[in-house]
Structure formats: structure tokens, C-alpha cells
1. Taking the criterion of being assigned by TED's automatic domain parsing to the domain that holds Ser259, touching a residue at least 60 places away in the same chain (Cβ under 8 Å), outside any loop (DSSP other than H, G, I, E, B) and within 12 Å of the chain's Cα centre (by Cα), would at least one residue in the stretch 230-242 satisfy it?
2. Which pairs do you get when a residue that is more than 22 Å from Tyr154 (Cα to Cα), found in the stretch 177-195, comes within reach of a residue that is modelled with pLDDT under 95, reach meaning Cβ atoms under 7 angstrom, with the pair 6+ apart or on two chains?
3. Within the stretch 144-166, which residues are hydroxyl-bearing (Ser, Thr, Tyr) and closer than 21 Å to Ala207 by Cβ?
4. Restricting the search to the stretch 249-281, which residues are within 21 Å of Leu132 (Cβ to Cβ), in a loop (DSSP other than H, G, I, E, B) and hydroxyl-bearing (Ser, Thr, Tyr)?
Amino acid sequence: MRLLSALLLLCHPCVLLGQAACQPMVGHVGLRDARIWMQATQEGHVLLECWADSLDAPSAADLHSASGEVLALNAWTHTFVVGGLEPGTDYRFRITLNGEEVSEGLTPDRMAFRTQPLWDYRFDPPDFTVALGSCSFINEPAYDRPGKGYGGGYSIFETIAESNPDLMLWLGDNVYFREVDWGSESGMQHRYSHLRRLPELQPLLGACPHYAIWDDHDFGPNNADGSWIHKDWAKSTFESFWPNPSCGLPDRDGQGITSAFRFHDVDFFLMDNRTFRLNPDNLTRTPRMLGEAQIDWLIAALQYSKAPFKVVATGGQVVSDYAAYENFAMFEAEREMLLARIRDEDIHGVVFLTGDRHSSELSALELKSGQTVLDFTCSALTSSTYDHSQEPNHNRLEGTSVGVRNYGTMTLTGPRKERVMTFRTFDAEGELLWERSFAAADL
């Protein structure tokens with residue numbers, strides 16, 4: 001299988017033999033550190049060097065570096081972690097593989113990043129925009145089910161890149177494992193590699209920092225739960241391809257892919273809706289989506305957070321009260337418990353970001369204690385779409401249901417004590433379909 005995976009990689013039209021398989025991707029960027037992901041086409045030693053963009057001719061003393069090995073075992077991927085950086089600074093970087101600079105076919109202007117500024121106690125937090133999307137199916141006829149391709153409209157990735165977001169958050173089903181994929185770790189790696197080498201994706205890979213969660217199709221078979229025997233392969237592959245700041249729930253010995261990060265004045269919580277899941281068709285145990293330990297961690301983190309908006313990314317819809325498919329309403333007891341604990345802990349500014357549904361919409365729920373909880377569902381990027389506007393989701397905001405390929409944005413604006421969050425949905429060509437704004441003080 002390793003040989004087969006290698007041959008498939010080398011046969012892709014976007015591969016640069018002996019160089020990088022695709023544009024390097026910036027992952028989590030903090031105030032003093034950054035994560036840069038790359039995929040090569042052969043084993044070897046890799047070195048990343050970065051320097052402040054303000055330097056015309058950086059000396060050896062100006063360079064920050066990180067190194068490692070790319071191995072076939074990890075699909076020739078590596079995530080560099082570069083530390084000792086200065087806040088609020090633009091950096092450029094270069095990568096060498098076995099002593100040779102990796103440059104062929106890459107866009108040098110996209111080999112750059114900016115550390116977050118140290119704004120606290122100094123000035124208002126910067127305005128910023130997060131691009132959002134889920135459900136990315138890239139056709140591969142040799143392994144797809146017979147018939148019309150399920151994916152299409154790949155230019156949406158170029159559209160997102162052209163909008164210049166400050167970061168991109170992938171909301172699950174970021175790849176679709178096929179039957180040929182989920183039976184081996186190399187098969188899972190091939191599916192990710194197939195997406196990363198997509199020509200239309202290259203500008204977006206280098207456009208901004210990327211963060212991700214997963215859902216069933218990048219975890220295992222359709223609707224897979226925690227009983228999936230190869231969730232260890234799925235996690236290993238996820239870690240190889242997504243440079244999140246961490247990976248795993250601290251209270252459960254690092255199980256799953258749970259993580260969190262701060263971007264300017266907003267706290268983001270990246271949830272795992274698969275590892276601890278027990279599907280609703282179980283008759284002898286109580287179904288769960290997130291699990292008690294993960295919810296305990298989330299509530300404690302939300303309660304501690306002083307952010308005006310607390311953004312929780314998870315695969316299935318949370319606020320929708322339509323109990324069907326994989327919505328949280330199918331896990332009634334756990335959903336009620338989660339919302340009750342948000343209410344009882346008096347947590348304000350909670351915003352869920354969800355995917356899964358192959359359609360987009362914005363839902364809002366006012367809790368009995370007065371808080372309003374939002375849920376922005378963004379789907380689908382390139383997979384097929386459906387019109388769900390007639391579903392009985394009583395919490396859907398009128399005029400926000402979208403049944404075509406689309407992406408979303410979440411923009412933060414305003415002074416520190418008057419922050420406003422604006423949600424927008426765009427079609428694949430970048431045309432605005434709707435927008436809604438909410439002040440933090442109203443949530």
C-alpha cells in the first residue's frame with residue numbers, strides 16, 4: 001500500500017518531482033510562534049528558515065529556523081514549529097529539502113505569515129475576518145461510485161483566497177474517505193493528498209492561517225461514531241495534515257482532536273464530534289455526540305473565557321431543533337444538558353460554527369436566562385448541495401437558508417467594549433447572498 005500511495009502521488013498532474021507536492025500551508029500563528037505545514041514528494045531532511053519581511057538582506061543572525069524529517073510513513077508531510085518570533089510582525093520563509101531550496105511551482109508571495117499583535121492593554125483589538133466552509137468532495141473517478149461526480153465547483157477555493165481572509169476554519173468533511181480509503185492509513189493519507197494537490201486550492205493554502213475540525217467523512221465511514229476501530233489512523237492522518245495548535249482532549253489523555261486557540265480577542269474551541277460519540281440508534285446506552293468529559297472541559301473553558309465572542313466549532317448543527325440526520329437535536333438529553341449548563345453558568349457570547357448539512361443557515365436560540373446562542377452552519381464547499389429551507393427548524397433566521405455551493409465569513413469589528421460580529425454567506429463566485437450582524441452586548 002505504501003508503494004501504491006507513492007505512485008498515485010507522483011502521477012498527479014500537480015506534483016513537482018523532488019520538490020513540494022503542493023503550496024506550503026500556514027497553520028496556527030500566535031504572538032511568538034507559527035506552524036507551517038508542507039508535503040514533499042520524497043523522504044529527506046527539511047529545513048524552514050524565516051525572517052522579518054522588513055529585512056532586505058537578512059543575515060544568519062536574523063533567521064528563525066526549524067527542521068525535521070519527511071517520511072513515507074506520514075505521506076511525506078511535516079509541520080514546522082517556529083518560535084522566538086516578535087508579535088505583530090510580517091515574516092517570510094523558505095524551505096529546503098535535502099539541502100535544495102523548494103521553490104519550483106510555488107508562489108513566493110504566499111510563503112509568508114504575520115504574527116498576532118500584542119494589543120491587550122495597548123489598543124483596541126484589530127478587526128478580522130474568518131473564512132468558513134465544510135463538505136469538500138474532490139472527484140476521483142477511479143475510486144468514486146459510478147455515475148455523476150458528487151463534487152464540483154472547485155474554483156470556490158480561488159474565490160475564498162481572493163477575498164483575503166485573516167484565517168480559514170474548515171468545519172469537517174474536509175475530505176471524503178471512499179470505501180477504498182478508510183481500510184488503511186495510507187488510503188486516508190491519499191485522500192488528503194488528493195485534495196492538497198488540487199490546482200484551485202493552491203492560492204488558498206498560502207493565503208492565511210488554517211484551522212480544522214473533522215466530521216464523519218474525514219473520520220471513517222458515513223455516520224461513524226466512537227466505535228470506529230480505525231479512529232487511531234484517522235487521528236494520525238488528521239495530525240499529519242492539519243497544523244492545529246494542539247490535538248486531543250487534555251482531560252482524556254489526548255484522545256480525539258479537540259483543541260482551542262485565541263485569535264485577537266476571540267476564543268475558538270475546536271470540538272471533536274466523533275471520538276466520544278454514541279449514535280442515536282443504540283438502544284441500551286444513552287446516545288451522545290460530544291461526551292461528558294469533553295462537555296465538562298468546554299463549559300469550564302467557556303466560563304473562564306473573557307472573550308466577547310466564544311466560538312465553538314463542531315460538525316453537526318447545535319441550535320437547530322430539527323431532530324433528523326446528524327443534528328444535535330438527535331441527541332436530545334445531551335443537547336439540553338449543554339444548553340442548560342451555558343444558561344446556568346451565565347455564559348454569554350456563545351457562537352457555534354457547524355457544517356455537515358450540504359446547505360447553510362443561521363439559527364438563534366434565546367435561553368430562559370436571557371442569553372442568545374447562535375449557530376452559523378456553512379455547507380457545502382464542493383460537494384453536492386440540497387435545499388433544506390422547508391425543514392422545520394424553528395430557530396432558523398428568516399432569509400438565511402442557502403442550498404447552493406457556498407462559503408461563509410465571520411467578521412469582527414468595533415472597539416474592544418463594542419465588538420460586533422457579522423456573518424455573511426457567499427456563492428462560489430463570491431456574490432453576497434445574505435448578512436446579519438450581532439453586538440456582543442446583545443448575546
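The values are calculated or read from the model by the stated rules, or taken from the named source; none is laboratory data. Every value quoted in this text rests on a predicted model; they were computed, and no experiment measured them. Glycine also receives a Cβ, built like all others from the backbone with ideal geometry; neighbour counts cover every protein chain displayed.
1. yes
2. That search, which allows pairs on different chains as well, returns Ser184/Met1; Ser186/Met1; Ser186/Arg2; Ser186/Ser5.
3. Tyr154, Ser155, Thr159, Ser163
4. Thr258
To keep it simple, each residue is scored yes or no on (1) surrounded by fewer than 18 Cβ atoms within 10 Å (Cβ to Cβ); (2) of a type outside the set (A, V, I, L, M, F, W, C); (3) in contact (Cβ under 8 Å) with a residue 12 or more places away in the chain.
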residue: Asp225; (1), (2), (3): no, yes, yes
residue: Pro245; (1), (2), (3): no, yes, yes
residue: Gly256; (1), (2), (3): no, yes, yes
residue: Ala260; (1), (2), (3): no, no, yes
residue: Met271; (1), (2), (3): no, no, yes
residue: Leu283; (1), (2), (3): yes, no, no
residue: Ala293; (1), (2), (3): yes, no, yes
residue: Leu298; (1), (2), (3): no, no, yes
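Yes/no per residue for (1) modelled with pLDDT of 95 or more; (2) assigned to a strand (DSSP E or B):
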| residue | (1), (2) |
| --- | --- |
| Leu17 | no, no |
| Arg32 | yes, no |
| Met38 | yes, yes |
| Val46 | yes, yes |
| Trp51 | yes, yes |
| Ala57 | no, no |
| Glu69 | yes, yes |
| Phe80 | yes, yes |
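Results for (1) crowded, with 20+ Cβ neighbours inside 10 Å; (2) touching a residue at least 12 places away in the same chain (Cβ under 8 Å); (3) more than 30 Å from Tyr154 (Cβ to Cβ), shown as yes or no for each residue.
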{"site": "Phe309", "(1), (2), (3)": "yes, yes, yes"}
{"site": "Glu332", "(1), (2), (3)": "no, no, yes"}
{"site": "Gln390", "(1), (2), (3)": "no, no, no"}
{"site": "Thr400", "(1), (2), (3)": "yes, yes, no"}
{"site": "Asn406", "(1), (2), (3)": "yes, yes, no"}
